[in-house]
Amino acid sequence: MPPSLQALQDRLQHPFSDASLLQRATTHRSFSADHNERLEFLGDSVLNLAVASLLYQRLGSLPEGDLSRVRANLVKQDTLHQLALRLRVSEVLRLGEGESKSGGHQRPSILADAVEALIGAVFLDAGYGPAEALVHRLYEG
């Protein structure tokens, strides 16, 4: 595993059994046919469930509508972009030449999608428990 991916793995606090999942999670569709969009799809669902569970535990007295609004705020692109910056995802993101030249490494949508893909990769690598634990660390950190 390249040192930059190893460093990201350390920041995630998840030792991947299948390092190819981590590499795929950091690969944009402009770079390769083996890209992160399917992981992003999966990670989005895992993220929503993990955040809903966290809110239910912490804010269980709030009505459903309020919980939904808080969750929506926590899983929106701006919040995920901030998490990506904290994880320094842009350092390891693999983009095609055109996307890279047009500032893709700093584009909030690409970085937010990569965070969802990373969550999906952890889910596939180790199951829901470790993926949920990652989400909790990201939002508590």
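I'm trying to understand the selection: among the residues of the range 4-22, which are polar (S, T, N, Q) and either crowded, with 17+ Cβ neighbours inside 10 Å or farther than 13 Å from residue 123 by Cα (or both)?
Quick first cut of the range 4-22, residues polar (S, T, N, Q) only: 4, 6, 9, 13, 17, 20.
Of everything in the range 4-22, those that are polar (S, T, N, Q) and either crowded, with 17+ Cβ neighbours inside 10 Å or farther than 13 Å from residue 123 by Cα (or both) turn out to be 4, 6, 9, 13, 20.
Identify the residue in the range 23-78 that is of a type in the set (Phe, Trp, Tyr) and either open to solvent by less than 60 Å² (accessible area, probe 1.4 Å) or in contact (Cβ under 8 Å) with a residue 24 or more places away in the chain (or both) and, among all such residues, is nearest to residue 122 (Cα to Cα).
Taking the candidates together, the pick is 41.
Let me spell it out: the conditions are (1) closer than 23 Å to residue 136 by Cβ; (2) modelled with pLDDT of 95 or more, and residue 24 meets all of them except one. Which number is the exception?
Residue 24 satisfies every listed condition except (1).
Taking interchain pairs and intrachain pairs at least six residues apart, which have beta carbon atoms under 7 angstrom, with the first residue in the range 112-128 and part of a helix (DSSP H, G or I) and the second among the hydroxyl-bearing types (Ser, Thr, Tyr) and open to solvent by less than 20 Å² (accessible area, probe 1.4 Å)?
114/26
Taking the criterion of being at pLDDT below 95 and within 18 Å of the chain's Cα centre (by Cα), would at least one residue in the range 43-50 satisfy it?
no
The values are calculated or read from the model by the stated rules, or taken from the named source; none is laboratory data. Bear in mind that the values here come from a model prediction, so they are computed numbers and not experimental data. Quick reminder, even Gly has a Cβ in these numbers, built from the backbone with ideal geometry, and neighbours come from all protein chains shown. Accessible surface areas use protein heavy atoms only, side chains included; no ligands, DNA or RNA. Shrake-Rupley method; radii C 1.70, N 1.55, O 1.52, S 1.80 Å.
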